[in-house]
Amino acid sequence: MPRIIFFQPDGQRREVEAPVGSSVMLAAVQNNVRGIDADCGGCCSCATCHCYVDAAFLERLPAPEDMELEMLGGTAAERRPNSRLGCQIAMTAELDGLVVRLPDRQV
Amino acid sequence: MATAGARALVVVGASHAGAQVAASARAAGHAGPIRLIGEEPCLPYQRPPLSKGFLLGKVDAATLPIRAAAFYREEAIDLLPGTRVAAIDRSARTVTTAAGQRIGYDRLVLAVGARPRLPPVPGIALDGVLALRSLADAERLRERLPSVGAAVVIGGGFIGLEVAAALTALGKRVTVLEAQDRLLARAAAAPLAVHVAAVHRARGVDVRLRTTAARIDGADGRTRAVVCDDGSVLPADLVVVGIGVVPETALAAAAGLACTDGVEVDRFASTADPAVLAVGDCCRHPNAYAGRSLRLESVQHAVDQAKAAGATAAGRPTPYEAVPWFWSDQFDMKLQMVGLCAGWTHHVVRGDPATGRFSIFYFRDGRLLAIDSINRAAEHVAGRRLLAAGRSPSADEVADESFDLAAAARA
Ligand SMILES: Cc1cc2nc3c(=O)[nH]c(=O)nc-3n(C[C@H](O)[C@H](O)[C@H](O)COP(=O)(O)OP(=O)(O)OC[C@H]3O[C@@H](n4cnc5c(N)ncnc54)[C@H](O)[C@@H]3O)c2cc1C
Ligand code: FES
């Protein structure tokens, strides 16, 4: 199963397994990784699953759809070039070892 | 009973609002025990996907919990699923469960939500007539789908329309009955409703306005057809009722707390008894944005009010002042609403509705009240910032697509 390495807002490193097809947001919630709120439950409507994807993985991810890009305009923490919404990133085998940093706030 | 040094917090209702109150009280420094008591047998879960991805089979139950079990353990939140609270004794400061267990509290938060309203028509109890509120409801609905050819949805509100869209996408013949002269009569403005009706009809939904169900006919206890007030007969193997909800006020009312379409609370979510708070769908609160008392049914409201109430319960009184927002997904429409449009006198459409991507801005006396966006998330998020900051661009400005809304929101 592909792994995701999260860095929580408190700096703690959390390595979790995420089934192929599942989202980065779900992997965080299901493993009690702190720093993701996911208020809309993955409907791409709240922007509280904001995360920073490590540059090395950025081009391995499918490009964000328009809706995600537009919602990224509403993140609480600073939007950066590597900002993504965790609920819109589906895990694949190629993403094994994905490094994701969580912002200090989601609202 | 807990001692003053470790005050006990009891939360009744373990869903969006209840889970958030418990988490926020802990985060705000509540040091005593926290009990989160919920009637449903599972972890608190996300309700919105039930009428969207879950119905479509894109989302399964395992992905619905709002937080993992480990979260409640780590936060020392004692979750009691499958437990119904039957009574509150405010003088003794205890709640009694249906099984007869008495649990003491120093602070009590009611987060008991709402239940679907059912029309009093003959046949409502037939097998095949369902309302959609809980995961159990959604599972029953999903299990039935393989044997459904035609469905009737009673009520053209958000949940009814989401169900209609999902069932249509699954290849069912769907009729929506709406008593009013337009869809979304309770929850949204006419300009949005007109567009939504057109999209549903274009996708093959038979939308019947000014029409109600007079009775539901069955055979061998199973639903066969809906007979409308105009005499028309619609064959139906499935009837989904979505005519709104009734707030759960029985517990509070029996305990002598004031209830009028919801448990009455102040801007700190407190009832007249300072030891008892109420949050989410079950309460009627003075809404800072609307400038009047109302009841809201949304995840935003449940979560934001619960954050304030959690801090208040932890001894840090915090008023609830968030700008309301809501979303709904139907077919390829992502509807996002921010603000409250009640009392609007003028509206402006930004973008071309024919493209399926546009926003509707609602004004009263030149002041922006609310924005409905259809597949225009950027304008929704800009709108959230504008309204939170109390800024109001003019109607002329928003009508001009070259006017930079996001910049106005940042200014
Ligand atoms: C199908 C569906 C789709 C929705 N879609 C959206 C959407 O897209 N966007 C949006 O913003 N909102 C949506 N909503 C609304 C949103 O889910 C509600 O506003 C929200 O769930 C309210 O949260 P709550 O915690 O106040 O109440 P509820 O979620 O109703 O939870 C109340 C809980 O209390 C429990 N309870 C009640 N009485 C007792 C008792 N005596 N003892 C113990 N437990 C008790 C109930 O079993 C329930 O689990 C949707 C709702 C439904 C049903
Ligand atoms: S969970 Fe709401 S946008 Fe991702």
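The values are calculated or read from the model by the stated rules, or taken from the named source; none is laboratory data. Predicted model, so just to flag it, every value in this text is computed and none were measured. All Cβ positions, glycine included, derive from the backbone under ideal geometry; neighbour counts span all protein chains shown. Accessible surface areas use protein heavy atoms only, side chains included; no ligands, DNA or RNA. Shrake-Rupley method; radii C 1.70, N 1.55, O 1.52, S 1.80 Å.
Computed quantities for the displayed model
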{"read-out": "Single unsatisfied condition, residue A:18 versus (1) touching a Pro at 6+ places or on another chain (Cβ under 9 Å); (2) modelled with pLDDT of 95 or more; (3) farther than 24 Å from residue B:304 by Cα; (4) open to solvent by 40 Å² or more (accessible area, probe 1.4 Å)", "value": "(4)"}
{"read-out": "Restricting the range B:356-411 to residues that are among the β-branched types (Val, Ile, Thr) and in a strand (DSSP E or B), the residue that is nearest to residue A:72 (Cα to Cα)", "value": "B:374"}
{"read-out": "Given (1) closer than 26 Å to residue B:47 by Cα; (2) open to solvent by 60 Å² or more (accessible area, probe 1.4 Å); (3) touching a His at 6+ places or on another chain (Cβ under 9 Å), number of the condition residue A:76 does not satisfy", "value": "(2)"}
{"read-out": "Lone unmet requirement of (1) within 26 Å of the chain's Cα centre (by Cα); (2) open to solvent by less than 40 Å² (accessible area, probe 1.4 Å); (3) more than 13 Å from every other protein chain (Cβ to nearest Cβ) for residue B:350", "value": "(1)"}
{"read-out": "Single condition residue A:103 does not satisfy, out of (1) open to solvent by less than 10 Å² (accessible area, probe 1.4 Å); (2) assigned to a helix (DSSP H, G or I); (3) away from ligand 1 (no atom under 16 Å from the Cβ)", "value": "(2)"}
{"read-out": "So residue B:127, is it over 17 Å from residue B:302 (Cα atoms) and either open to solvent by less than 30 Å² (accessible area, probe 1.4 Å) or touching a Leu at 6+ places or on another chain (Cβ under 6 Å) (or both)", "value": "no"}
{"read-out": "Residue within the range B:239-255 that is in a strand (DSSP E or B) and away from ligand 1 (no atom under 14 Å from the Cβ) present", "value": "yes"}
{"read-out": "Matching option when the condition is within 24 Å of the chain's Cα centre (by Cα), within 16 Å of ligand 2 (Cβ to nearest atom) and either farther than 18 Å from residue B:313 by Cα or of a type in the set (Val, Ile, Thr) (or both), among B:49, B:81, B:41", "value": "B:49"}
{"read-out": "Qualifying residue in the range B:311-320 (condition: surrounded by fewer than 24 Cβ atoms within 10 Å (Cβ to Cβ), within 14 Å of ligand 1 (Cβ to nearest atom), of a type in the set (Val, Ile, Thr) and within 27 Å of residue B:249 (Cβ to Cβ))", "value": "no"}
{"read-out": "Filter result (over 14 Å from the mean Cα position of the chain (by Cα) and under 20 Å from residue B:96 (Cα atoms)) within the range B:259-309", "value": "B:263, B:271, B:273, B:274, B:275, B:276, B:277, B:278"}
{"read-out": "Yes/no for residue B:332 being within 13 Å of another protein chain (Cβ to nearest Cβ), closer than 26 Å to residue B:47 by Cα, within 13 Å of ligand 1 (Cβ to nearest atom) and out of contact with any helix residue (DSSP H, G or I) (no Cβ under 8 Å at 6 or more places or on another chain)", "value": "no"}
{"read-out": "Strands (runs of 3 or more DSSP E) lying entirely in the range B:263-317 (those with 3 or more residues that are in contact with a Leu (Cβ under 9 Å, 6 or more places away or on another chain))", "value": "B:276-278, B:283-287"}
{"read-out": "Any hit, the range B:281-300, residues being more than 25 Å from residue A:39 (Cα to Cα) and without any contact (Cβ under 8 Å) to a residue 40 or more places away in the chain", "value": "yes"}
{"read-out": "Qualifying residues in the range B:357-385 (those that are within 14 Å of another protein chain (Cβ to nearest Cβ) and touching a residue at least 60 places away in the same chain (Cβ under 8 Å)) - the one farthest from residue B:411 (Cα to Cα)", "value": "B:374"}
{"read-out": "Residue B:184 being in contact with a Cys (Cβ under 8 Å, 6 or more places away or on another chain), away from ligand 2 (no atom under 16 Å from the Cβ) and of a type in the set (A, V, I, L, M, F, W, C)", "value": "no"}
{"read-out": "Checklist (1) within 16 Å of ligand 1 (Cβ to nearest atom); (2) within 12 Å of chain B (Cβ to nearest Cβ); (3) under 13 Å from the mean Cα position of the chain (by Cα) applied to residue A:25, failing item", "value": "(1)"}
{"read-out": "Which listed residue, of A:49, A:40, is more than 13 Å from the chain's Cα centre (by Cα), within 16 Å of ligand 1 (Cβ to nearest atom) and closer than 21 Å to residue B:72 by Cα", "value": "A:40"}
{"read-out": "Subset tally (residues that are open to solvent by 20 Å² or more (accessible area, probe 1.4 Å) and over 22 Å from the mean Cα position of the chain (by Cα)) for the range B:151-193", "value": "7"}
{"read-out": "Flag for residue A:70 being open to solvent by 10 Å² or more (accessible area, probe 1.4 Å), at pLDDT 95 or above and touching a helix residue (DSSP H, G or I) at 6+ places or on another chain (Cβ under 6 Å)", "value": "yes"}
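Every residue, every condition in (1) open to solvent by 30 Å² or more (accessible area, probe 1.4 Å); (2) over 17 Å from residue B:381 (Cα atoms); (3) without any contact (Cβ under 8 Å) to a residue 12 or more places away in the chain, yes or no:
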| position | (1), (2), (3) |
| --- | --- |
| A:45 | no, no, no |
| A:50 | no, no, no |
| A:55 | yes, yes, no |
| A:60 | yes, yes, no |
| A:82 | yes, yes, no |
| A:86 | no, yes, no |
| A:90 | yes, yes, no |
| A:95 | no, yes, no |
| A:99 | no, yes, no |
